[in-house]
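The structure appears right after this line, and notes come after that.
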Amino acid sequence: MTAGTSAAGVLALFDTLEPVAPEELVGRWRGAELPTGSRLDGLLTLHRWWGKDVVDPETVHPLLFADRRGVPRPVAPWPAPLGLLRRAPGLARTPVARRGFAAVRPLLRARRPGARVRTVVHRGVGTAAIVYDALPIVDAFRRVDGRTLLGLMDMRGLDEPFAFVLTRDGAAAAR
């Protein structure tokens with residue numbers, strides 16, 4: 001499920017999958033973008049996005065990024081310039097932006113959770129979702145298999161879907 005597809009294709013697939021209960025999201029998840037032609041495709045990967053960490057339904061770190069040693073660290077989502085990313089995502093792809101984010105990423109380390117898990121109705125079906133505290137973002141999920149989820153980011157002002165896959169991190173049990 002890492003190859004790209006069309007927006008219509010990923011939405012059709014999402015609609016065939018089973019919903020997820022909120023407690024099923026608990027754990028650390030390795031993320032991978034699923035290119036659909038969204039103007040945001042590739043941005044998270046370019047900036048070393050690692051995944052998500054759901055400690056419990058009230059304690060969610062929705063953005064883990066790999067540090068210089070490759071260790072996933074929670075990053076506060078609220079400083080993200082969403083308006084700029086929606087209008088001009090190419091700016092975030094520049095070498096200057098990449099170096100800038102890498103330089104400030106340690107300063108953005110989250111000290112507290114940035115989201116919660118709730119059941120939401122997305123595309124007509126009640127399913128688990130990560131609801132960000134300070135941003136107009138909801139990540140809704142459907143189950144691909146026992147270790148894999150398909151996620152769709154719903155963000156105010158973004159018409160096309162931004163799709164990603166989460167795979168349960170087996171190494172997280174040892175942390």
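Taken over segment 154-170, the criterion of being in a strand (DSSP E or B) and crowded, with 21+ Cβ neighbours inside 10 Å is satisfied by PHE162, ALA163, PHE164, LEU166.
Number of residues in segment 120-153 that are among the polar types (S, T, N, Q) and not in a strand (DSSP E or B): the value is 0.
If the condition is being among the charged types (D, E, K, R) and in contact (Cβ under 8 Å) with a residue 60 or more places away in the chain, then segment 106-124 contributes ARG118, ARG123. Looking across ALA134, ALA129, ALA97, ALA110, one residue alone is within 16 Å of THR45 (Cα to Cα) and either modelled with pLDDT of 65 or more or out of contact with any Cys (no Cβ under 7 Å at 6 or more places or on another chain) (or both). It is ALA97.
Table: residues versus (1) basic (Lys, Arg); (2) more than 19 Å from VAL75 (Cα to Cα); (3) out of contact with any strand residue (DSSP E or B) (no Cβ under 8 Å at 6 or more places or on another chain).
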| residue | (1), (2), (3) |
| --- | --- |
| GLY124 | no, yes, yes |
| ALA128 | no, yes, no |
| PRO136 | no, no, no |
| ASP139 | no, no, no |
| ARG142 | yes, yes, no |
| MET153 | no, no, no |
| PRO161 | no, yes, no |
| LEU166 | no, no, no |
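Looking at VAL121, is it at pLDDT 95 or above, of a type in the set (A, V, I, L, M) and either closer than 20 Å to ARG48 by Cα or surrounded by 13 or more Cβ atoms within 10 Å (Cβ to Cβ) (or both)? Criteria not met by VAL121. One residue stands out among those in segment 125-150 that are without any contact (Cβ under 8 Å) to a residue 40 or more places away in the chain and among the small types (Gly, Ala, Ser): the one that is surrounded by the most Cβ atoms within 10 Å (Cβ to Cβ), which is ALA140.
The values are calculated or read from the model by the stated rules, or taken from the named source; none is laboratory data. This is a predicted model, so every value here is computed, not measured. Neighbour counts run over all protein chains shown; Cβ positions are idealised from the backbone, glycine included.
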